[in-house]
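A.B. asks: Right, I'll just put the structure down here and ask away after.
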Amino acid sequence: MSVLVVLVVIFTLAMFVGFEVITKVPPTLHTPLMSGSNAISGITIVGAMIVAGMGATRFAAVLGVIAVAFAMINVVGGYAVTDRMLRMFKRERRP
Amino acid sequence: MSGWMQLAYLLAAVLFIVGLKRLSHPATARRGNTISAVGMLIAIVTTLLDQQILSVELIVLGGVLGSGAGLWMARAVPMTAMPQMVGILNGFGGGASLLVAAAEWHRLVQTGEQLPVDIAVTIYASTLIGAVTFSGSMIAAAKLQELVPGRAVGFPGQHPINLMLVVALLAAGIYLTVGPDHPELFLALNAGALLLGILLVIPIGGADMPVVISLLNSYSGLAAASTGFVIRNPGLIITGALVGASGIILTQIMCKAMNRSLLNVLFGGFGAAASGGAGTDARTAALTARGVREVTVEDAALLLAFARSVIIIPGYGLAVSQGQHQVRELADLLEKRGVSVKYGIHPVAGRMPGHMNVLLAEANVSYDKLFDMEQINPEFAHTDVALVIGANDVVNPAARNTPSSPLFGMPILAVDQAANVVVMKRSMNPGFAGVENELFYDRKTAMLFGNAKDSLLRLIAEVKTA
């Protein structure tokens with residue numbers, strides 16, 4: 001089996017895991033779910049770091065640095081804003 | 001990639017799944033987000049140890065810049081602007097995927113050899129998905145922020161032009177995969193994909209943006225997965241698939257709650273079709289002829305103060321007037337008088353899924369008072385007063401009663417089953433669907449006209465003295 005086929009298998013199975021987990025999130029938390037899963041999609045940072053760090057060509061290195069910056073905005077911004085929202089969800093707290 | 005690194009990426013993916021699972025309850029959600037962030041940290045540290053990485057200076061430079069910008073955005077953004085924020089974050093994720101694909105392409109082309117087909121396919125797919133996600137998300141965010149016109153912007157022949165562009169992009173991708181390397185064509189592919197993202201989102205109206213944001217959220221996941229295919233990393237693929245699935249589910253939920261198909265949202269032009277005298281059948285005509293019953297603030301306050309149970313239905317009009325804190329104050333006053341107060345929240349209240357819940361949580365409303373549509377609907381029948389604040393289409397009984405209405409079949413809050421209904425609204429203007437609302441003409445409905453926040457402040461003053 002070629003590497004690509006194995007990766008496609010992994011992708012397909014992971015989609016099913018995603019469906020299972022996400023359908024259990026209540027509507028109340030759908031906005032934090034979006035920003036939180038957004039932060040997770042910043043996993044592209046891994047690819048960005050590799051192309052920036054290899055510096056195979058000057059051009060590739062420049063693209064890599066910008067990619068790292070973009071992905072980090074996604075990761076840090078996503079987790080921070082999700083935390084800010086979830087911190088506000090409280091049970092009965094009388095002044 | 002060594003075996004232990006593969007396992008480290010797998011661990012990161014597992015932590016993401018555990019983190020998402022914890023999002024199934026507000027009490028565990030914050031911890032879940034932290035677990036997920038730890039997973040990301042593990043993935044980043046693992047990558048730093050990768051032998052392919054020769055210098056870390058550039059990575060640190062990009063990382064510091066990006067982290068600073070991200071942190072600043074996360075702190076500065078007001079909760080009402082959350083849909084734009086998510087759109088922008090999506091866009092940066094897509095942009096990163098695009099750049100990684102381009103950098104990999106440049107590196108491989110430099111070697112002078114023909115790209116293997118399986119590598120080439122993933123690079124071009126990643127370019128396309130990343131570019132569409134980037135430009136589409138940025139346009140969506142600009143529309144929500146009203147930097148560009150929020151309404152649906154149409155141009156003649158937009159569907160054939162988009163279709164031709166898609167076909168051209170696919171043809172270019174296939175030609176690049178099987179044919180010789182062609183830098184100009186690769187650049188054209190990038191430019192064309194960025195243009196496609198803009199053209200796909202620009203014709204969609206501002207009120208449909210929740211669906212678009214959800215869909216782009218899914219794309220950003222697929223973009224991350226496609227990067228995983230480019231650099232042959234299963235951790236990225238698993239993670240991207242998770243996010244892709246999450247976006248697809250949210251898109252489905254939004255479409256269902258708006259009574260639209262995804263195709264209709266993307267290519268429909270809903271506002272134009274619905275305004276053509278829709279919903280003016282005999283039944284609605286008879287109702288509207290009767291006129292509405294207006295109520296004074298004093299009477300509305302008395303009705304609320306002496307009720308046993310009240311359900312508040314907040315809509316986007318409340319968020320626009322920034323009256324969330326006043327709603328909570330009113331609810332607190334009523335509860336002190338022994339009135340039971342709950343909130344009924346429609347899935348499309350606000351500008352993105354769950355947006356209204358965040359806005360109310362910001363105003364310190366306890367999350368166990370926020371009820372989903374399915375949970376709250378059985379309770380209206382034995383509720384004294386339903387207080388509708390700035391919501392319209394989501395409480396229109398035409399969705400159940402009038403088969404000719406464009407709203408027919410849409411799940412709504414059963415507000416008309418409450419003993420009394422008070423509707424706070426600026427004017428009699430119809431909602432987004434452009435349809436008359438039967439509820440406003442119901443005998444038990446009292447209309448309280450005015451800006452939601454002003455009316456709430458006056459209600460609060462009256463309830464205090466009641």
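The values are calculated or read from the model by the stated rules, or taken from the named source; none is laboratory data. Everything numeric in this text was worked out from a predicted model, so none of it was measured. Note: ideal-geometry Cβ built from the backbone for every residue, glycine included; neighbour counts use all protein chains shown.
A.B. asks: Could you tell me which of the residues B:N429, B:N437 is polar (S, T, N, Q) and touching a residue at least 12 places away in the same chain (Cβ under 8 Å)?
C.D. replies: Answer to the selection: B:N437.
A.B. asks: Which members of the stretch B:143-165 meet the condition of being at pLDDT 85 or above, aliphatic (A, V, I, L, M) and surrounded by 15 or more Cβ atoms within 10 Å (Cβ to Cβ)?
C.D. replies: Those that are at pLDDT 85 or above, aliphatic (A, V, I, L, M) and surrounded by 15 or more Cβ atoms within 10 Å (Cβ to Cβ): B:L144, B:L165.
A.B. asks: What do you reckon, is B:T111 among the β-branched types (V, I, T), within 10 Å of another protein chain (Cβ to nearest Cβ) and closer than 22 Å to B:L196 by Cβ?
C.D. replies: So B:T111 fails the test.
A.B. asks: Looking at the stretch B:89-122 only, could you name the residues that are surrounded by 24 or more Cβ atoms within 10 Å (Cβ to Cβ) and of a type in the set (A, V, I, L, M, F, W, C)?
C.D. replies: Answer for the stretch B:89-122, where residues must be surrounded by 24 or more Cβ atoms within 10 Å (Cβ to Cβ) and of a type in the set (A, V, I, L, M, F, W, C): B:L89, B:F92, B:A96, B:L98, B:L99, B:V100, B:A101, B:A102, B:A103, B:W105.
A.B. asks: Does the stretch A:64-71 include one or more residues that are within 30 Å of B:E362 (Cβ to Cβ), of a type outside the set (F, W, Y) and either touching a Phe, Trp or Tyr at 6+ places or on another chain (Cβ under 7 Å) or buried (at least 24 other Cβ atoms within 10 Å of the Cβ) (or both)?
C.D. replies: Yes: one or more hits.
Conditions tested, residue by residue: (1) facing chain B (nearest Cβ under 7 Å); (2) in contact with a helix residue (DSSP H, G or I) (Cβ under 7 Å, 6 or more places away or on another chain); (3) surrounded by fewer than 24 Cβ atoms within 10 Å (Cβ to Cβ); (4) of a type in the set (G, A, S).
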position: A:L33; (1), (2), (3), (4): yes, yes, no, no
position: A:M49; (1), (2), (3), (4): yes, yes, no, no
position: A:A61; (1), (2), (3), (4): yes, yes, yes, yes
position: A:M85; (1), (2), (3), (4): yes, yes, no, no
position: A:M88; (1), (2), (3), (4): yes, yes, yes, no
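A.B. asks: Say we look at the stretch B:415-434 and pick out the residues that are in a loop (DSSP other than H, G, I, E, B) and buried (at least 19 other Cβ atoms within 10 Å of the Cβ); which of these is modelled with the highest pLDDT?
C.D. replies: Once the filter is applied, the top-ranked residue is B:A418.
A.B. asks: Given B:A43, B:A81, which one is farther than 30 Å from B:L360 by Cα and in contact (Cβ under 8 Å) with a residue 60 or more places away in the chain?
C.D. replies: Within the list B:A43, B:A81, the selection yields B:A43.
A.B. asks: Are any residues in the stretch B:347-382 part of a loop (DSSP other than H, G, I, E, B), more than 24 Å from B:R308 (Cα to Cα) and more than 7 Å from chain A (Cβ to nearest Cβ), and if so, which ones?
C.D. replies: Listed by number, the residues that qualify are B:V348, B:A349, B:G350, B:R351.
A.B. asks: For the stretch B:215-240, which residues satisfy the criterion of being closer than 11 Å to A:I40 by Cβ and either without any contact (Cβ under 8 Å) to a residue 40 or more places away in the chain or more than 7 Å from every other protein chain (Cβ to nearest Cβ) (or both)?
C.D. replies: If the condition is that a residue be closer than 11 Å to A:I40 by Cβ and either without any contact (Cβ under 8 Å) to a residue 40 or more places away in the chain or more than 7 Å from every other protein chain (Cβ to nearest Cβ) (or both), then B:G221, B:G240 are the ones that fit.
A.B. asks: Can you say whether B:V109 is under 16 Å from B:G173 (Cβ atoms) and part of a helix (DSSP H, G or I), as far as the supplied structure shows?
C.D. replies: In short, yes.
A.B. asks: Of the conditions (1) in contact with a Leu (Cβ under 8 Å, 6 or more places away or on another chain); (2) at pLDDT below 90; (3) within 30 Å of A:R84 (Cβ to Cβ), B:I460 fails just one. Which one is it?
C.D. replies: So B:I460 meets the others, but not (2).
A.B. asks: Within the stretch B:305-357, can you find the residues that are crowded, with 23+ Cβ neighbours inside 10 Å, more than 19 Å from B:I412 (Cα to Cα) and polar (S, T, N, Q)?
C.D. replies: B:Q324
A.B. asks: Looking only at the stretch B:348-373, which residues are of a type in the set (D, E) and touching a residue at least 60 places away in the same chain (Cβ under 8 Å)?
C.D. replies: B:E362, the sole residue that qualifies.
A.B. asks: Please give the number of the condition A:M15 fails out of (1) within 7 Å of another protein chain (Cβ to nearest Cβ); (2) closer than 25 Å to B:H106 by Cα; (3) over 13 Å from the mean Cα position of the chain (by Cα).
C.D. replies: The failed condition is (2).
A.B. asks: OK, next. Condition (residue is of a type in the set (S, T, Y), in contact (Cβ under 8 Å) with a residue 60 or more places away in the chain and over 27 Å from A:L63 (Cα atoms)) applied to the stretch B:3-23: is it met by at least one residue?
C.D. replies: No, the stretch B:3-23 has no match at all.
A.B. asks: Now for a separate question. Taking the stated definitions as given, is A:G78 on the phi > 0 side of the Ramachandran plot and within 7 Å of chain B (Cβ to nearest Cβ)?
C.D. replies: no
A.B. asks: Which helices (runs of 4 or more DSSP H) sit wholly inside the stretch B:169-281 and have at least 3 residues that are within 27 Å of A:I73 (Cβ to Cβ) and either among the charged types (D, E, K, R) or modelled with pLDDT of 90 or more (or both)?
C.D. replies: Counting at least 3 such residues, we get B:183-201, B:209-230, B:234-257.
A.B. asks: Continuing with this model, one more query. Pairs under 7 Å by beta carbon, first residue at pLDDT below 90 in the stretch A:1-26, partner surrounded by 13 or more Cβ atoms within 10 Å (Cβ to Cβ), six or more apart or different chains?
C.D. replies: Cβ pairs passing all conditions: A:S2/B:D118; A:V3/B:R232; A:L4/B:D118.
A.B. asks: Within the group A:L33, A:L63, which residue is modelled with pLDDT of 90 or more, part of a helix (DSSP H, G or I) and in contact with a His (Cβ under 8 Å, 6 or more places away or on another chain)?
C.D. replies: A:L63
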